[in-house]
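Participant: One structure, pasted below without further comment.
The values are calculated or read from the model by the stated rules, or taken from the named source; none is laboratory data. Predicted model only: the values in this text are computed from it and were never measured. Heads up, the Cβs are rebuilt from the backbone with ideal geometry, glycines too, and the neighbour counts pull from every protein chain shown. Quick note on the areas: whole protein, heavy atoms, side chains included, nothing else; ligands and nucleic acids left out. Shrake-Rupley method; radii C 1.70, N 1.55, O 1.52, S 1.80 Å.
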Amino acid sequence: MSKEIVVSGIRSTGHLHLGNYFGAIQNYVMMQENYNCYFFVADYHSLTTHPDPKLLRPNVFRVLAENIASGLNPDKVTLYAQSDIPEIPELYLMLNMLAYKGELEKVPTFKDKVRQQPDNVNAGLLTYPVLMTADILIHKAVKVPVGKDQEQHLEMARNFAQRFNTRYGDFFPEPQVFRFNTDAVKIMSLDGNGKMSKSENANNTIYLSDDDDTIRKKIMKAKTDSGPTAPNAEMPGYIQNLFLLMQLTSTHEVYDHYRAAYNGCNIRYGDMKKQLAEDMAAFVRPIREHAAELQKDEESLGKILKAGAEKARASASATIAGARKLIGISYY
Ligand code: ADP
Ligand code: TRP
């Protein structure tokens, strides 16, 4: 039986962090054996915020290196840069004719960006979900491993696929969000304000490139309070987040110990954070060291991107040929 097709992308907008790792990359790594995976660096997507051209190349290489260091094997998955696949913008153009201004303006991530960068509300921001749909449909993917924040975009991708099929004939499958554990992991910023993210709030975000001491400092400063006042009290979001991080990186025994302390109202957050900081540092260290090593060898990283682009284009050009034919673009 042929393997199911999987697509996912990460924007090259900065250093990868624990949210990217637990929300996305960990699922990529688990999928690489049993699925036909296309994972890419979404460099076109990063242009919506007008990055310095000098930073694009190091950012793309870092995202690639950090993905490989997290366990992705370039021999098993197709790893490429979005901008190496000209069929993606071609499909994006086709899909833009099926996407309506009203629905795009209602997307919460668009509204957030309008708030964050009121002086740069460009058309690329508005049509971001359309480009993302093109990224996915270009390989006719059925599964898309992404974090919870991307669910709405996936719903739009299904709508656009459906709309294309209704207008031109059945062609695209409807892609679904995929994760191994049923609960979507969402890592919050260490101050409890919003999600960890590449471009904001660096002091409250743990990056895969952070050294041991930086990790210790950030975790020790993470927001806590004076502790629960009644047994089995409900946890505020920032405490839940620390427990989630502990669950993901510490042993079961350690996690259970602090959970019981919380429920019994005798938790000492200082001790908990000290333990978490050590476990987190030990978790990130091998990824950071491997990624740093890989980034020294740009030639090898370039070769990986080139080989990935060739494989991705083979699949993309077959899709575009089919889409053109259905649309009626066939003149000679
Ligand atoms: P960022 O928002 O940090 O710029 P991206 O938008 O490039 O990151 O996201 C890449 C992947 O990482 C997506 O699948 C996204 O859902 C996931 N992701 C990003 N931040 C988090 C987070 N804080 N918790 C869980 N998953 C996340
Ligand atoms: N929009 C995604 C994010 O911000 C990144 C992305 C772009 C993506 N194209 C994609 C994810 C295609 C999955 C599939 O996280």
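Participant: Out of the residues in the stretch 41-51 meeting the condition of being at pLDDT 95 or above and open to solvent by 20 Å² or more (accessible area, probe 1.4 Å), tell me which one is farthest from ALA65 (Cα to Cα).
Facilitator: LEU47
Participant: Turning to a different aspect of this structure: For the stretch 145-158: of the residues being more than 10 Å from ligand 1 (Cβ to nearest atom) and in contact (Cβ under 8 Å) with a residue 40 or more places away in the chain, which is surrounded by the most Cβ atoms within 10 Å (Cβ to Cβ)?
Facilitator: MET156
Participant: For THR214, only one of the following conditions fails: (1) under 24 Å from ALA282 (Cβ atoms); (2) in contact (Cβ under 8 Å) with a residue 12 or more places away in the chain; (3) open to solvent by less than 70 Å² (accessible area, probe 1.4 Å); (4) touching a strand residue (DSSP E or B) at 6+ places or on another chain (Cβ under 9 Å). What is its number?
Facilitator: Status for THR214: all satisfied but (2).
Participant: Could I ask something else about it? In the stretch 3-33, how many are within 18 Å of PHE178 (Cα to Cα) and not hydrophobic (A, V, I, L, M, F, W, C)? I'd like the intermediate steps shown before the answer.
Facilitator: Taking the stretch 3-33 first, the residues within 18 Å of PHE178 (Cα to Cα) are 3-10, 19-33.
Subset that is not hydrophobic (A, V, I, L, M, F, W, C): 3-4, 8-9, 19-21, 23, 26-28, 32-33.
Number satisfying all stated conditions: 13.
Participant: Here are some conditions: (1) closer than 22 Å to ASP75 by Cβ; (2) over 11 Å from the mean Cα position of the chain (by Cα); (3) near ligand 2 (Cβ under 10 Å from one of its atoms); (4) not in a strand (DSSP E or B). ALA24 meets all but one. Which one does it not meet?
Facilitator: So ALA24 meets the others, but not (2).
Participant: Can you name the number of the only condition in (1) within 13 Å of ligand 2 (Cβ to nearest atom); (2) in contact with a helix residue (DSSP H, G or I) (Cβ under 8 Å, 6 or more places away or on another chain); (3) open to solvent by less than 20 Å² (accessible area, probe 1.4 Å) that ALA141 fails?
Facilitator: Exception for ALA141: condition (2).
Participant: Which of the residues belonging to the stretch 236-287 are among the basic types (Lys, Arg), open to solvent by 40 Å² or more (accessible area, probe 1.4 Å) and in a helix (DSSP H, G or I)? Give the derivation first.
Facilitator: Keep residues of the stretch 236-287 that are among the basic types (Lys, Arg), which gives 259, 268, 273-274, 285.
Then drop every residue that is not open to solvent by 40 Å² or more (accessible area, probe 1.4 Å), which leaves 259, 268, 274, 285.
Scanning the stretch 236-287 gives ARG259, LYS274, ARG285.
Participant: Within the stretch 27-50, can you find the residues that are part of a helix (DSSP H, G or I) and acidic (Asp, Glu)?
Facilitator: Restricting attention to the stretch 27-50, the residues satisfying the condition of being part of a helix (DSSP H, G or I) are 27-31, 43-49.
Across the stretch 27-50, the qualifying residue is only ASP43.
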